[in-house]
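Just so it is clear, none of the values below were taken in a lab; they were calculated from the coordinates. Just so we're clear, the structure is a prediction, and the values are computed from it rather than from any experiment. Every residue, glycine among them, receives a Cβ derived from its backbone with ideal geometry; neighbour counts consider all protein chains shown.
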Amino acid sequence: MNHVDPANSAGPGRRSFLAGAFAVGTGALLGSALTAGVARAAAGPVIADTGAWGARPASSPLNFVAGAPDKVIVHHTATPNVTDYSQAAAFSLARSMQSYQMDSEHWIDTGQHFTVSRGAYIMEGRHSSLATLRSGTQHVESAHCTGQNTVAIGIENEGTYSTVDPRSQQYAALIDLITYICQRYGLRAYQVYGHRDFNNTECPGDRLYALIPQIRRDVAARIGGDPTGPVWPVLSSGASGENVKTLQYLLVQRGQSLTVDGAYGPATQAAVTAFQNTNHASADGVAGNQTWSQAVAPLARGATGSAVQGVQSQLVAHGIQVSVDGAFGPGTQAGVTSFQSSAGLPADGVVDARTWSRLLA
Ligand SMILES: [Zn+2]
């Protein structure tokens, strides 16, 4: 589920959404209106656009982000596991979510890009999510995961998956959708995450979260590639060394004021905590999964800054000689490619999340 307020970020506390979701009448659309905006792209699943389910216009202009996102984030709606699997029920859910998010959360439109209903209907959430997906060259800024809304596609799965799994039909539709997203945007199968990888939330529920590795494998079976996701070290006060330097470089890149000295002292702990608060991660001052997941961003040739220094310093620590100058030029690109080859990663010279994690391993 979506949130903007850290006080409301925990999944079980999302009861207010239920009231919003089901206070709205069903008012099913009829006949051609149901199918007018439903289209099948080549090799893609049927996705009902905002016109098909009767969305309200966005209240403000949407922000279009150039380029592809770098990940997909899976959510659950934390609404009841209904047994009405009809298209009308799916469209009613879409309208209810949008109304709640616009009227109560005061967002400009639906938060997430796509929704998968219990009945396995796939729907566009925020306007233009589908057209931009089909373009493969841009995406729409969203409101589904604090810290990730300009770089991640968000998918809400109708239901509550804390103690039960999604229906098999719903799961299959989710795989179809994620596969299509990966194909259109050139994402790898491992670049699928759960909301709790980034924010302090129960979302997408223990059971759906536990399925993330399976989702990666099922998508990889369709598009190829290694589905193994990143694994992050856990660093806390008193730690020292190259990985602490990397953390510090990343925090400086993200605007924290910090000396890069490789020592996890009080200043680093304070910077980690501040960064966690900013990104609605669990603010414990310990750098683990959420902190690394929020701190890293893909880096490629042409990038500059402190994060690039972090990569360069790690390459040197791995015996690959590059200048630690914060400029991602051909030498750094060659170094990254060399490291990726030795680590068994796709050697494309782009420091994606998995390359980051292997540098830290
Ligand atoms: Zn969520």
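The angle separating the long axis of helix 330-343 from the principal Cα axis of greatest extent in the chain is about 80 degrees.
In this structure the amide hydrogen of Lys71, modeled in the peptide plane, comes within under 5 Å of the amide hydrogens of Ile153, none closer than 5 places in sequence on its chain. Computed from backbone phi, the HN-Hα couplings of the stretch 277-294 come to 4, 4, 9, 6, 8, 4, 8, 10, x, 9, 8, x, 3, 4, 5, 5, 4, 7 Hz, rounded to whole numbers (Karplus: 6.51 cos²θ - 1.76 cosθ + 1.60, θ = phi - 60°; Gly and Pro given as x). Overall, the ratio between the Cα radius of gyration of the stretch 59-161 and 2.2 N^0.38 Å, rounded to two decimals, is 1.03. Taking the C-alpha atoms only, the angle from helix 242-253 to the longest principal axis of the chain is near 60 degrees.
Please report, to two decimal places, log10 I(q)/I(0) for the stretch 242-360 at q = 0.12, 0.16 Å⁻¹ as given by the Debye formula with identical point scatterers on the Cα atoms and no solvent. Each listed q maps to, in turn, -0.40, -0.69. In this Cβ point-charge picture (+1 for Lys and Arg, -1 for Asp and Glu), the chain has a dipole of about 460 debye about its Cα centre. Using only side-chain charges placed at the Cβ, +1 for Lys and Arg and -1 for Asp and Glu, the dipole size of the stretch 145-261 relative to its Cα centre rounds to 240 debye.
Averaging 1/r over each pair of different alpha-carbon atoms in the chain and inverting the result gives 21.1 Å, the Kirkwood hydrodynamic radius. The Rg/Rh ratio of the stretch 147-261, with both radii computed over alpha carbons and Rh defined as the Kirkwood radius, is 1.05. Relative to the longest principal axis of the Cα atoms of the chain, the long axis of helix 168-185 makes an angle of roughly 50 degrees.
Taken about its Cα centre, the stretch 232-361 carries a charge dipole of roughly 100 debye when the Cβ of each Lys and Arg holds +1 and the Cβ of each Asp and Glu holds -1. Apply the a/c threshold of 1.5 to the C-alpha gyration tensor of the stretch 88-213 and tell me whether it is rounded, prolate or oblate. Taking the square roots of the gyration eigenvalues as a ≥ b ≥ c, the stretch 88-213 is rounded.
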